[in-house]
Every structure is written in C-alpha cells, then in structure tokens.
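The values are calculated or read from the model by the stated rules, or taken from the named source; none is laboratory data. Bear in mind that the values here come from a model prediction, so they are computed numbers and not experimental data. So basically every Cβ, Gly included, is an ideal-geometry build from the backbone, and we count neighbours across all protein chains shown. The protein model used for the area step is the full one, side chains on, heavy atoms only, and it has no ligands, DNA or RNA in it. Shrake-Rupley method; radii C 1.70, N 1.55, O 1.52, S 1.80 Å.
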Amino acid sequence: MPAPTYLSPPSLPLRHTTTATASAHLLSGGRRNRGSRPRRMSGLVLLKAKVGDVDGGPELLLASRRHAVLGVARVLFAAANERCLRGMDRAALGRGGFFAGAMANSWRVLMQGLASLMFLCARADEYVRQPPSPLVLTPHDKPAAHPQQVHISTVGRNKMRISWVTDDRNTPSVVEYGESRGNYTASATGDQATYKYFFYESGAIHHVTIGPLAPGTTYHYRCGKAGDELTLRTPPASLPLELVVIGDLGQTRWTASTLAHIGGADYDMLLLPGDLSYADTQQPLWDSFGRLVQPLASARPWMVTEGNHEAEALPVVGFAPFVAYNARWRMPHEESGSASNLYYSFDAAGGAAHVVMLGSYAEFEEGSAQRAWLERDLAGVDRRRTPWLLVLLHAPWYNTNQAHQGEGEAMRAAMEALLYEARVDVVFSGHVHAYERFTRIYDNEADGRGPMYITIGDGGNREGLALKFLEDHKSAHLSVFQEASFGHGRLRIVDETSAVWTWHRNDDEYATVRDEVWLESLASPKLSMAAAGRQDEEL
C-alpha cells in the first residue's frame, strides 16, 4: 500500500536515551526474558496534568457529575476555540490574511493554557507528563458536497461499511464500487445523521454497507457520487493475517509520524483500543482527525473501541456520553449481538481469528449487559475452528507505570476469569501513554494458560508520554519489556499455531523494531497437552 501524503516529522526534542535494540522470544508464555528490558528513560518535564479523564464502568455518570463544573467551563472554551479553529483552517488554506490566522492561533493557545491550568489545579496529584507535541490540523478545501473523513470497517463475513462526512446535508448516502478503476459495477445506499454539541452542529455523517465482497480483493469506490475515487482492499479469507495495533492516537506531529510509519508497510486491518481524536468537547477536532487518518482509514478496515476521551459527557447541560463517537465511528455491534456500539466482536481471516472489543466505560460487573454479552460471545467461539482469540480494551488490567494506576482493576476482577476460561491469547490496551508487555498472566500470577497483556497507548496523543515505571510495583516481576516512546505494533498471525508480535518505536526517522516475541496459540494441541499435564501434576 503506498505511503500516505503526510511525512514523518524531523527528530523531535524528546531528550531520552535507550539501550540498543532488543528482542524477546516467548513460545508458551511461561518464560520471561528480563534482559530485554531497556533502561528507564529520562525526559524533560514541563507540565503536570491530565485532561479530560472519566472514570470507568458504573462510576461513569458519577465522575461526570463530579467534574460538571469543569466540563461546562471547558465547553465555553471549546465554543471560542471552534471559531479559532475555523480561523486557523482559513489561514492554512491561504485565506483570511496573516493577522487573522495569527490572532486565531494565539487565542487558541491562550484557551488551551487556561484549560490546562484548570486541570492542573483539579488533578495536581497526577503523574508528570512529557511535553506535548503541537497539533496537526488538517483543513478541508473541497466543496460542501465533497466526501471527507472517509473510513471503512468490516461488517460480517463479506461486507464493509463506508463512513464519511459532507458539509452539505443534502448529498446522497450512496457508494459506487467495482474491481477496476472508474468502472462501478455495483452500488449501495445507506443512511445519514447529524448531531449537535453546544454551538457545534456536525455535517451529514453517512454510513453505507457494501457487499458481498470477495476476500483479499482490491475495490475502487466513490462516495456520494461527488468525491474522488478511493481504493480499499478486503481482508484475506485465511491466514496469514497482519494486524496493526495503535492506541491513544490523537493528531499531533507524533501521530503523523506513527501514521507514516504504518503506511510504509502493508497490513490487512488496524485495531485501535480507544482515544481517537482527543477532541475533548472541541468538536471541530473530530473533523480534523477524520481528515488526518483518511489516507489509511479509507484503504484498510479500522476497528476501534472507545476510550475515556471519547466520553465528552456533560450532564449539567444535557450532553450524554459518546455522542460524537457513536455517530462518527459506527462499529458492527448489532452483527455480533451487542446492544451497544461500545463493545462488539468480529471474525477475521475466515474465522481463524476472533477479535473482541470491550468497553472500559460501559457497565461490566456481574449482571451487566456487557458481561452477559461477553459470556455469550465467548461461548460461541469454537477454538478448533478459531485458533486465535484476541481482546482489546482501553484501561489496562496490568500496568506498572505510575500513570493510571488501578483504573482497570474493577473490570479485571469482573471479567478476567471469563477470558482465562476461554483461553484468550492476547489482551491489548491503551490509556497509559507508553509501551509495556507482560508475560502470560492470570490473577496477578504468571500462568502459561493465561493471556499475554500488552499496553500500547503510545500512538501520538497530545498529552505526551507517561515516563515513570514503578520498579517496586507488585506486577513488576510479570513485566517483560517497558519503554516510554511513541510507536505502533504489528501482530502477524502466521498460521493456526504461531504468530509474531513486533513493536515499532517511531522516535527515529524510520520505524525501529524494539520488541519482538513469538506466540503460540493457546488452542494448539501441544499447549493443551502441556496444560493438562500441569493440571495432573497439581492434582
């Protein structure tokens, strides 16, 4: 797949040192290579703050009320910022004059500074972050009917959902497509909707499902009978399968670097465990984010789940959580039997892999709809047919970083046993802005029959990195590799028994493999026999 139009930024002032490239190999999950752990990194610290976090699960609304006053203030800032973003948009397109653009930029910086100061005072006990990176705002210079923010997602066994936005709310929700350029042999019609958030009203958000489509096939398509021709490739019908995993993406210079590195090598599907745009009530940033990721998101399926920055809940003024996220990023929850867009599942590679996207910010305790759905979903997975079982969620269950300590513990206590009994192979999470890989774990102990836990919340967010790992943490002996750098991961499922995971740091001009591990499916006969032998010994 050709690289996207944006370029990797030059070397940014991160100011840290690391050891040379290291790799670790782990087959059945029980062995650890402590030698792969890099030295702790030092970094320049400018700001101690965490912006826009919302507690998870059943405490979501309580947390929203607790921060309602701050939230209303933030919306007032967002109202001013919306006009400033429009001014910056015009300046980026060469319109409106130098002074208008400069004034808009200065006002926006002032507003962000005031917001950061408020949250600094409100959350002063939080961890210290690395300096943030400037935002990359992607302007829109096309006619109102021209599709923008195009992204695709897989739906069922052989269909794809095409989603896009138009400023003109009267454009048709139609996708024309075919296997050769300019020759559209099929078309499909979908639906559209808008939403309002304070002074902001979205454009028309279109969703159209196309198919049936052949696996591993390139299609050319056009949205709304008015846009440019785009190209997508459907995932393969069988293994091997290449998955890109990134969390906490945002839209900074680091984000642009991560996206450029991802686009530099081919893959079949992208998985994102929450925190997409970091709009945090500034709704035009959702539009800018959609335009930034379109070169990649319109060509390969992007499967996402929500993070805390998607909540945007302001109950005092009547804004329910996840309004923008649910409207813009519609996932195949209905097809998987889920009643909520916040959690769902899907098959990949003809059912050789089953991916479960959990919602850290939906109710998850005993008796909740999400837990009941998860029990049904896992019970329907036949590991003889589906050797690979993956789970993604936002707030990590295991974490030795000082950031976000304990925030996933309630969900772990409620759901970990379900994943263990189903023999989940890997659990990916975000939220913590660093990379960390654990050995296979169950209930805070190393267990070769448990999932491998990987935190990859380092896509490029505006808040910076979480630099401090706790050497005396109770889970430190389970942590195999840690590094506070931006980057992305790739899981290549080679066949029914073997897969290789690599983490690519993007501090450098080119993506650099810093961590590598081979995995063997927990459904493989060899591991099943080994697990049975261990159980006999215990008895």
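Some notes on this structure:
- Computed in the context of the full set of protein chains, the accessible area of region 237-531 at 1.4 Å probe radius has 51% of its extent on carbon or sulfur.
- Candidate cross-link partners of Lys225 among the aspartates and glutamates, defined by an alpha-carbon separation under 12 Å and a same-chain spacing of 8 or more, comprise Glu176.
- Karplus 3J(HN,Hα) series, Hz, for region 373-386 with 6.51 cos²θ - 1.76 cosθ + 1.60 (x for Gly, Pro): 5, 4, 4, 5, 5, 5, 5, x, 8, 8, 5, 6, 8, 10
- For region 237-531, the solvent-accessible area with a 1.4 angstrom probe is 26 square angstrom per residue.
- Farthest positive-ward along region 237-531 dipole, Cα basis, beta-carbon charges - from Ala466, Ala256, Tyr398: Ala256
- Amide H contacts of Tyr435: Glu483, Ala484, Ser485, each under 5 Å away and 5 or more positions distant or on a separate chain (H built 1.01 Å from N in the peptide plane; Pro and chain starts excluded).
- Taking the convex hull of the alpha carbon positions in region 137-239 and averaging its projected area over all directions gives 7.8 nm².
- Hydrodynamic radius (Kirkwood) for region 237-531, which is based on Cα pairs only, to one decimal in Å: 19.1
- Of all accessible heavy-atom area on region 146-234, the percent that carbon and sulfur account for (1.4 Å): 43
- Normalised by 2.2 N^0.38 Å, where N is the number of residues, the alpha-carbon radius of gyration of region 387-539 equals 1.06.
- Point-charge dipole on Cβ atoms (K/R +1, D/E -1) for region 146-234, about Cα centre, debye to 20: 280
- Backbone HN-Hα couplings from phi across region 406-416 [Karplus 6.51/-1.76/1.60, Hz, Gly and Pro as x]: x, 6, x, 5, 5, 5, 4, 4, 7, 10, 4
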